[in-house]
Amino acid sequence: MPEKLILAYSGGLDTSVAVRWLKEEQGYDVVALTVDVGMQKDRETLHSRALAAGAVAFRWAEAQDTFVRHFVFPALAAGAVYEGQYPLATALGRPLIAKHLVEVARQEGASAVAHGSTGKGNDQVRFDVSVQALAPDLRIVAPVREWGMNREDEIAYAQRHNIPVPVTRESPYSTDENLWGRSIECGVLEDPWAEPPEEVFEWTKSVAQAPDQPAYVEIAFERGAPVALDGRELDGVTLVKRLNELAGEHGVGRIDHLENRLVGIKSREIYEAPAAVTLLRAHQALEQMTLSKEQVRLKERIAQEYADLIYNGLWFTVHHQDLAAYVQSTQRHVTGSVRVRLHKGTATVVGRKSPKSLYDFSLATYDKGDVYDQSAAPGFIHVWGLPVRIQARAQMLEEEE
Ligand code: ARG
C-alpha cells in the first residue's frame, strides 16, 4: 500500500505538477487539499483538475470564518504591519493552511504533507515550522524546492503527463491572495526602479480611475474587532469583503514594499489590501481615543514584535500566546466608531467616538466650559522642570563659560 500524503493545493501550475510528481517520483497516494481563506477559486474546477492531475481524492476546507476570527482580527487588534507597510495577508494564511494539512493528515491516516513553496521564500518556513509544531511526526515534502525544474520544465512535464493546467494567459507574476490582501511579485516588479504596471492590480482602482467624489464609511468596533459598517452589523468575513470592494473602488490599499525576507533576501512585493489598510487606520484612531499614553506607547512596540513573529512563521509558539494575551487585554475598552473618508487612493480618519473615550471636551476646550485648572500648571511645571534646572546650572551653563 502506498503511503498517503496531503498536498496544499491551489490549482496552479506548481501544485498541479506537484500532484503527479509526488505520485510518480515519490510513490505517494496524493490527497489534494484546498483551504478556502477567501481566494476567488471555483471548488468544482479545482476538484476535477486535482483528480485529472492524479490525486486519489480532493478535499476542500472552508476556513474563511476561522481565518478572519482567529488570525486576521487578532493581527488587526495588535496593529501588526511588517516593516511599516505589509499587513501580512499571505503570512497570516500559511499557519491556518498548515493546521488544516495536519487535521486532514490525521483523518486520512497520512504520513506526510506537502506544499508548493520554493526554497527561496518565507512561505516554506511558515509551512514547515507550523507543521513541525503541530505534528512533529509528519514528513514534509516541498516538491518545488526539490525537483529543480523551471517554469518551462514544469509546463513540459505537465504536457507529457496530460496534466490540465490553468488555460489563463501566461502571466509573468506570482500571486497569492486571501481575504486580508493580495500579494504580487516577479516579472517586471523585480526591477525596483520600475513602476508597477496597471495590469498587476485586480482589487484596486488607480487614482486616475477612482471616483472624483469621496465615499464615507463608518466602522464600529467592539473590544478591538470591527462589527458593523455604516450601522449595519456584519459578520467578519462579509465586513472585510465589503470593505475590500468599497476601499478598492477608491484606490485605497496599494503597497509597494521592498522587504526583508526571513531567508536573507531583499525582495520587492506589491500588495493590494484595501480593507486591511482602512481597518488598521480606523482601529489605530480608536485606540488613540481609548488607550492611555503608556498603553499606546507599549502597544506600538508589541505591534512590531507581533508583526515579525507572524512574518517569520512563529504563529504556533508560546511567545505568540503571551503577546496575544497582552493585546487582547488592551482591547477591553477599544469600543466605538470611526468615520473614514475614502478618496483617490487615500483612507483618512475624519471622526471618532467611543463610550469609553478618554477625550474630555471640558478639559480640552479653549472655549467656555473649560474646567481645566490653569492655576495648577505653574506648580506642575516647577516640579517637572526641577531636574532640568539643576543640571543646566551645574553642567550646561558652566560649559558655555
Ligand atoms: N512577501 C510576502 C510574504 O512573505 C508574500 C509572499 C507570497 N507572494 C507571492 N507573490 N506569491 O508574506
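The values are calculated or read from the model by the stated rules, or taken from the named source; none is laboratory data. Quick caveat, the model's predicted, so the values are computed rather than measured. Using ideal geometry, Cβ is built from the backbone for each residue, glycine included, and neighbour counts are taken over all protein chains shown. All accessible areas refer to the heavy atoms of the entire protein, side chains included, with ligands and DNA or RNA removed. Shrake-Rupley method; radii C 1.70, N 1.55, O 1.52, S 1.80 Å.
At 1.4 Å probe size, with no ligands or nucleic acids counted, give the accessible surface of E300 in Å², nearest ten.
Counting only protein heavy atoms, the figure is 110 Å².
How tilted is helix 123-134 with respect to the longest principal axis of the chain? Cα atoms for both, answer in degrees (0 to 90, nearest 10).
So the helix axis and the longest Cα principal axis differ by about 90 degrees.
For the chain, what does the helix formula give at 222 nm: sum of -39500 (n - 2.57) over DSSP H segments with n ≥ 4, over the residue count, nearest 500 deg cm²/dmol? Please list the in-between numbers first.
On the way: 14 runs with 156 residues, N = 401.
So the calculated ellipticity at 222 nm is -12000 deg cm²/dmol.
Segment 291-392: percent of C-alpha pairs farther apart than 21 Å?
Numbers: 3327 of 5151 pairs.
More than 21 Å apart: 65 percent of the Cα pairs in segment 291-392.
Report, to one decimal in Å, the Kirkwood hydrodynamic radius for the chain based on all distinct Cα pairs. Don't skip to the end; give the middle numbers.
Numbers: mean 1/r = 0.0423 Å⁻¹.
Kirkwood radius, the chain: 23.6 Å.
Starting at 0 and stepping by 5 Å, how many percent of the alpha carbon pairs of segment 208-328 end up in each bin?
Distribution as computed: 2, 9, 15, 18, 19, 19, 12, 5, 2, 0 percent.
Quick one: how many Å² of R281 are accessible to a 1.4 Å probe, rounded to 10?
110 Å²
Can you give the FRET efficiency to the nearest 0.05 for E202 and D360, using r as the Cβ-Cβ distance and R₀ = 45 Å?
On the way: r = 45 Å, r/R0 = 1.01.
Efficiency computed from Cβ-Cβ geometry: 0.50.
Quick one: grab Rg to one decimal and Dmax as a whole number for segment 33-100, Cα atoms only, in Å.
Answer for segment 33-100, Rg first and Dmax second: 14.5, 44 Å.
Take L51 and R242, extend 7 Å from each Cα along the Cα→Cβ direction, and tell me the distance between the two endpoints in nm.
The modelled label-to-label distance comes out at 3.8 nm.
Once a ≥ b ≥ c are taken as the square roots of the eigenvalues of the Cα gyration tensor of segment 124-176, is the result rounded (a/c under 1.5), prolate (a/b larger than b/c) or oblate (a/b not larger than b/c)? Please list the in-between numbers first.
On the way: a/c = 2.75, a/b = 1.97, b/c = 1.40.
Judged from the Cα gyration tensor, segment 124-176 comes out prolate (a/c at least 1.5, a/b above b/c).
Please pull out the direction-averaged projected area of segment 344-401, using the convex hull of its alpha-carbon atoms, in nm² to one decimal place. Present the calculation step by step, with values, prior to reporting the outcome.
Working: hull surface 38.0 nm².
For segment 344-401, the mean projected area of the Cα convex hull comes to 9.5 nm².
Over every pair of different alpha-carbon atoms in segment 136-244, take the mean of 1/r and invert it; report that Kirkwood radius in Å.
On the way: mean 1/r = 0.0534 Å⁻¹.
Hydrodynamic radius (Kirkwood, Cα only) of segment 136-244 equals 18.7 Å.
Please enumerate, by chain and number, the lysines with C-alpha under 21 Å from the C-alpha of K99, excluding those fewer than 8 residues away in the same chain.
Partners found: K4, K41.
Between E305 and L386, what length in nm is gained on full extension when 0.36 nm per residue of separation is reduced by their alpha carbon distance?
Numbers: separation 81, 0.36 × 81 = 29.16 nm, distance 3.61 nm.
Answer, rounded to one decimal: 25.6 nm.
Hey, if we sort L314, L7 by accessible area with the 1.4 Å probe, largest down, what's the order? Could you put the intermediate results ahead of the total?
Numbers: L314 70, L7 0 Å².
Most to least solvent-accessible, the answer reads L314, L7.
Can you sort H115, H70 by 1.4 Å-probe accessible area, starting with the largest? Please report the intermediate quantities before stating the final value.
Numbers: H115 5, H70 105 Å².
Result, largest first: H70, H115.
When a/c reaches 1.5 or more, the comparison of a/b and b/c decides; with that in mind, is segment 91-140 rounded, prolate or oblate per its Cα gyration tensor?
Numbers: a/c = 2.02, a/b = 1.65, b/c = 1.22.
Because a/c hits 1.5 or more and a/b exceeds b/c, segment 91-140 counts as prolate.
Quick check: with the 1.4 Å probe, what order do L386, L22 take by accessible area, largest first?
Working: L386 80, L22 0 Å².
Largest accessible area first, the list is L386, L22.
In square angstrom, what is the accessible area per residue of the chain with a 1.4 angstrom probe? Write down the numbers at each step before the final one.
Values: 20510 Å² over 401 residues.
Normalised by residue count, the accessible surface of the chain is 51 Å².
From the P(r) of segment 30-143, could you give the percentage of C-alpha pairs in the tail past 25 Å? Mind dumping the intermediate values first?
Values: 1550 of 6441 pairs.
Cα-Cα pairs in segment 30-143 separated by more than 25 Å: 24 percent.
Can you give me the % of accessible surface on segment 186-287 that is carbon or sulfur? Probe 1.4 Å, all protein chains present, nothing else counted. Working shown, then result.
Details: 2350 of 4920 Å².
On segment 186-287, the fraction of accessible area on carbon and sulfur atoms equals 48 percent.
In percent, what relative contact order does the chain have, based on Cα pairs under 8 Å that are 6 or more apart in sequence?
Working: 718 pairs, mean separation 71.2, N = 401.
Over the chain, the number comes to 18 percent.
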